[in-house]
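Right, one structure below, let's go through it.
No value in this document is a laboratory result; all are computed from the given coordinates. Computed from a prediction, not measured in an experiment: that's the story for all the values here. Glycine gets a Cβ as well: all are built from the backbone with ideal geometry, and neighbour counts include every protein chain shown.
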Amino acid sequence: MNNQRGFFFNVDWLMVFIYLALCTVGLFSIHSAMYDPRHPYILDIDTDYGKQFIFVIVSIVLGVFILLLESRFLSALAPVLYALTIILLILVLVIGHRVKGNQAWIALPGGLRLQPAEFAKFATCLLLARYLSGMNIKVTDIKSFAIAAAIIFFPMMLILLQGDAGSTLVFSCLIFVLYREGLSPYFLILEGLFITLFVLTLKLNNVVLIIGVLVGLALLIILVFRRNKKLVFTVLVGASILIAFVFSVKFLYNSVLEPHQKSAHRYSAWNKKRSERKRI
Amino acid sequence: MNKFFERRYVIGGVFITIILILLARLFYIQIIDDKYLLYANKNVIRPLIQFPDRGPILDRNGKILVQNNLVYDISVTPKDVKPFDTLEFCKLIGIDKAELDKQFQKAIKYGRSVQSPFEKQLSPQLYASLQERLSEFPGFSVLPHSVRTYPDSTAAQFLGYILEVDDKIIKSSGGYYHPGDYIGFTGVEKAYENVLRGQRGVTNMMVDSRGIQKGSYANGAYDTVAVPGERLTSSLDINIQKLGEKLMQNKVGSVVAIEPSTGEILAFVSSPTYDPNLMVGRERGNNAAKLYDDPYSPFLVRPIQAYYRPGSSFKPLSALIALQEGIITPYTTYNCPGYYWAGNRKISCYNHEAHGTVNLSSAVALSCNGYFSMVFEKIMNASGRKNIEPVYTNWRDSVIKFGLSSRLGLDMPNERPGRLYTAANYDKIYHPGGWRSSTIISLAIGQGEVDATPLQLANIECTIANHGFYYTPHLIKSIGTRNITRVDDTVKHNVGISAQNFEPVIDGMQAVVDRGTAAASKIPGIVMCGKTGTADNSHGKPNSVFVAFAPRDHPRIAIAVVVENAGQGANWAAPIASYLVEKYLTGTISRPQDEFNRIMNANLLPDLSQYVIKNKKKAQQDSLKKSRLDSARKVGPVKSASNKKDPSAKYLAVYKPKENE
């Protein structure tokens, strides 16, 4: 839109401020949680907070570089970045390092570790942005929609294979972008209902009740709007999908999520250690 | 700008909704829900428990039976440890290098900057040599800790022992006990756990994220002080207790002495015994394992858990009931030819000795089986030979009033009730109406289907000494400075025999010691009334039994002695009882030392091949719970009786008494 890139008037300063504020809060949180009296200073490289500080500085420098780059450069680079991260995502499945149940890390020399899923997130965003901003691309077209969906789902599936359900779900928020560009609102509504039903099913642990309410609501809508054949049809299809989903929640929870991703009872282990210590 | 421009507001709305939900949740966690506040407090404040000293237990004259001793627990903080002379350190605290490495690794695993236990319960001697060199071993620290100690190594089964609580106890205590606490497991320690344990105190310490103490919380405003356990004065007399243990060494059996006027237990000997100090300290586990494996079961509390047939010591009781029923008078006589015919069963007197014409007193004095068989048949056939059931039930009721066949209610755990068959039991073995007085004639002389604990035997003597009543036996005189007795302990239990009926029986019992079967155990200057018993059992020699009380006027001690498989009551049980009685009444033993030593040094341990029965293995597996198992289960005859499915029960009922004294 604005090709005349000026550093001072085209930057979302509020965003930069929020980013820096979050970094600062995180740094101090780590400092207070991991405090080691032998290394009291926040800049000490031996400690976790010292490392975090270095990472913050490095990322600010990198951020400045990226801001200074010509935007067309990023746009041109998007397919390359996307391809690179896809290769990394496949690589991590082969030589990956298993941490906390996720095979998501590639070990680098010097004790550092690389998590390709993180790069995949913005590589996907870049490519999607480039594709959607192309001429004659409308999400309402079946073809365009399929290509956009493929750009999103390909890395998503690879990440799910790592066992990293969290990073996988992050991609689903790209639905907002597609919606903004003309995707049918049904997708957004359906996703919202999926999330709500998933939480409710686990929380209430009563499938019959939830399905009963769903059926009740569907019948109500059909009764009230029975003239509107199209709406009745939509509600029927939607309700069927939702009921099928409710039945699959338990399976999803048990087989897709790893144990540590479920409600983790950290305190039980902690209490046990405490009671052992008590006698000293 | 495309036609979907307005959709940005929908997206904005979605995000605002999500943020509002998160804010509501945050509000709930921070302001309304205090769960995380509690977690945080637990993180910072660590309650340190101050352990109270367990109360000591004294004998009736204030001598210490058990008190607390300081031992020293070594702890280590791995972070502070500097290289040190490991060999020297091992030598000082008496462990080997492998053990040191193991403990040290364990401590490191626990946390480098946390103080972890390293070696427990060092003796004061070891500590003394370590103390002066402790500065050479930075990172190690020593904490005093009190354990039980028994200065006279006596009354092990009476006092019982304490053990670290296990998970089951912790659960069932509803949060009172914590891992590492000790609890009375047997004996007085268990019975009076609530007063002995004292009250724990709590000091609230602030700790940092690594568990390092940073000082007292709120200047100790929420701390409580530990209250030491109360001092328990038991009724035991340490002098006769020790004498009893000495005399019973290398013998299996039991001695119980009771003060008739109060019901207080004076001696409580279970033999073989063990040194209670073995159950304390670093070697406890090994020592306990050895004791469990001992075929003579030193952990069995024989005075209240072993079943013995009373044998002839039952005769005074038999006579009392007959007198009360009016079946006989003191002048009823019987001409003893050396045996008695009950139906077609011949009951012989001891050594087939013909006692000639005997009356009640002389029959007791000479232990004439014939006389008492005659009396028993008279009672049982009072309403006709075929109508025995109600008569028997009536007779049994009279007997159990003396405390037989039910728990006396001693303030000690795991007392066993003893046994006397009911008419229904006999109906089951034979068929209703299928048994006669001759069938159960063994009961006349304390054989057959009657089993009593030594405590019950001693309690019968209390009742005779008191002319018709007893107090529930108990073993604690006072708690702290309070003279306490349970309500039960001051209630006279009347046995329903008129006082005047006791005199002829007591005459006979005096004659037993003066010139009868136990004449060899007469104590100069003391009138003791007693009764010997030679109780048959199915494995080896008969049990030697003697029951007595003394002096005759204003009795001060009632006693029951059982020496398993030792032979005649007069030979072993009677002298042992007489020494205890003399010591208790006069403070010394005046009779010849040689004879005393002969009794003391005699080894009467039963032959193991007969003593250890087939289910020994099973009994051993039960380990600690074994104390609840009866010795009788191992001692054979009772076992089959307590188990109704056992086919030998029938055989038992017709058990044929051999010669009795």
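Between A:Ile18 and A:Leu77, the FRET efficiency from the beta-carbon distance, with R0 = 22 Å, is close to 0.25.
Near B:Ile557, the amide H atoms lying under 5 Å from its own belong to B:Ala550; only residues 5 or more places off or on other chains count, and H is placed 1.01 Å from N. Distance between the 7 Å Cα→Cβ label points at A:Leu84 and B:Asp34: 5.5 nm. Residues of region A:161-199 with an amide N closer than 14 Å to a point placed 7 Å from the Cα of A:Ala150 along the Cα-to-Cβ direction: none.
Please give the net charge around B:Lys242, taking every other residue with its beta carbon less than 13 angstrom from that of B:Lys242, where Lys and Arg add +1 and Asp and Glu add -1. Display every interim value, and only then the final one.
On the way: positive: B:Lys63, B:Lys246, B:Lys583; negative: B:Asp59, B:Asp152, B:Asp237, B:Glu245, B:Asp275.
Its environment carries a net charge of -2.
Using the alpha carbons alone, the radius of gyration of chain B stands to its Kirkwood radius in an Rg to Rh ratio of 1.15. Put a dot 7 Å past the Cα of A:Lys230, heading toward its Cβ, do the same for A:Ile95, and the two dots end up 5.5 nm apart. Phi angles of region B:17-26 translate, via the Karplus equation with coefficients 6.51, -1.76, 1.60 and θ = phi - 60°, into HN-Hα couplings of 4, 4, 4, 5, 4, 4, 4, 4, 4, 4 Hz per residue; Gly and Pro are given as x. Which angle from 0 to 90°, rounded to the nearest 10, does the C-alpha axis of helix B:502-514 make with the longest principal axis of chain B? With rounding to tens, the tilt is 90 degrees. Between the amide H of B:Met205 and those of B:Arg46, B:Leu48, B:Tyr217, distances stay under 5 Å, these residues lying 5 or more places away or on another chain, with hydrogens modeled in the peptide plane.
For the protein assembly as shown, the Kirkwood estimate of the hydrodynamic radius, built from every pair of different alpha carbons, is 36.2 Å. Calculated [222 nm] ellipticity per residue, helices only, for the protein assembly as shown: -13500 deg cm²/dmol; basis is -39500 (n - 2.57) per DSSP H run with n ≥ 4, divided by all residues, nearest 500.
So what's the convex hull volume per residue for the Cα atoms of region A:185-261, in Å³? Mind dumping the intermediate values first?
Details: hull volume 6.6 nm³, N = 77.
Hull volume normalised by residue count: 86 Å³.
All Cα-Cα separations within region B:389-508 were binned at 5 Å from zero, giving a P(r) of 2, 10, 17, 19, 17, 14, 10, 6, 2, 1, 1, 0, each value a whole percent of the pairs.
Please work out whether region B:445-585 counts as rounded, prolate or oblate from its C-alpha gyration tensor, where a ≥ b ≥ c are the square roots of the eigenvalues and a/c under 1.5 means rounded, while otherwise a/b larger than b/c means prolate and anything else oblate? Present the calculation step by step, with values, prior to reporting the outcome.
Values: a/c = 1.56, a/b = 1.40, b/c = 1.11.
Prolate, since a/c reaches 1.5 and a/b exceeds b/c.
At an R0 of 30 angstrom, the distance between the Cβ atoms of B:Asp553 and B:Asn394 translates into a FRET efficiency of 0.35. The C-alpha atoms of region B:47-232 occupy a region whose extents along the principal axes are 54, 41, 31 Å, arranged from largest to smallest. In this rough spin-label picture, where each label sits 7 Å from Cα along the Cβ direction, the A:Leu69-B:Ile212 distance is 4.6 nm. Within the straight-line cut-off of under 15 Å between alpha carbons, the aspartates and glutamates reachable from B:Lys102 are B:Glu119, sequence neighbours fewer than 8 places apart in one chain being disregarded.
Here the 3J(HN,Hα) profile of region B:547-564, calculated from phi with Karplus coefficients 6.51, -1.76 and 1.60 at θ = phi - 60°, is 10, 6, 9, 6, x, 5, 8, 6, x, 10, 8, 10, 9, 9, 10, 10, 10, 5 Hz, Gly and Pro shown as x.
To the nearest 10 degrees, how steep is helix B:284-293 against the longest Cα principal axis of chain B, on a 0 to 90 scale? Result, in degrees: 30.
Ordering B:65-78, B:495-508 by mean Cβ neighbour count within 10 Å, with the highest value first, yields B:65-78, B:495-508.
Round to the nearest 0.05 the FRET efficiency obtained for A:Ser59 and A:Leu108 when R0 = 25 Å and r is the Cβ-Cβ distance. Once the sixth-power term is evaluated, E becomes 0.90.
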